């Protein structure tokens, strides 16, 4: 389903007189990309390594349902325009989602610091997929 929607959207943008590159950029901003496997960087070209180390890289497939819920919860008309403008500031939807996760992670860390007595200040908190609040 996701793949078919991306292809149809790409064709629609291209039919609206956008170049293939412009159409592809818009599709990448509108749709998340997932992967079930961890990328093996050792056999990649420099360009592929750069992509797979960037925030644009595929999201773990385990996030699929969480991202769908986030989109559903933000898809009323008022939120759609706000989210669309926000997403346009990112190179991809995946980058947008990673930023949202980082923001939530920072909030969790701040909340945890309020509860913590100050011990282990340098200790990082591991965020689990089920802990992501969207």
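The values are calculated or read from the model by the stated rules, or taken from the named source; none is laboratory data. The model shown is predicted, which means the values in this text are computed figures rather than measured ones. Glycine gets a Cβ as well: all are built from the backbone with ideal geometry, and neighbour counts include every protein chain shown.
Looking at the stretch 27-61, which of its residues are out of contact with any strand residue (DSSP E or B) (no Cβ under 9 Å at 6 or more places or on another chain), outside any loop (DSSP other than H, G, I, E, B) and surrounded by 10 or more Cβ atoms within 10 Å (Cβ to Cβ)?
27, 28, 29, 30, 41, 48, 49, 50, 51, 52, 53
Of the set (1) surrounded by 14 or more Cβ atoms within 10 Å (Cβ to Cβ); (2) closer than 26 Å to residue 104 by Cα, all apply to residue 82 but (1).
Rundown of residues vs (1) outside any loop (DSSP other than H, G, I, E, B); (2) surrounded by fewer than 10 Cβ atoms within 10 Å (Cβ to Cβ); (3) within 20 Å of the chain's Cα centre (by Cα); (4) assigned by TED's automatic domain parsing to the domain that holds residue 99, yes/no style:
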position	(1), (2), (3), (4)
5	yes, no, yes, no
13	yes, no, no, no
17	no, yes, no, no
25	yes, no, yes, no
63	yes, no, yes, yes
70	yes, no, yes, yes
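Within the stretch 72-94, being within 30 Å of residue 41 (Cα to Cα) and either part of a helix (DSSP H, G or I) or under 11 Å from the mean Cα position of the chain (by Cα) (or both) holds for 87, 88, 90, 91, 92, 93, 94.
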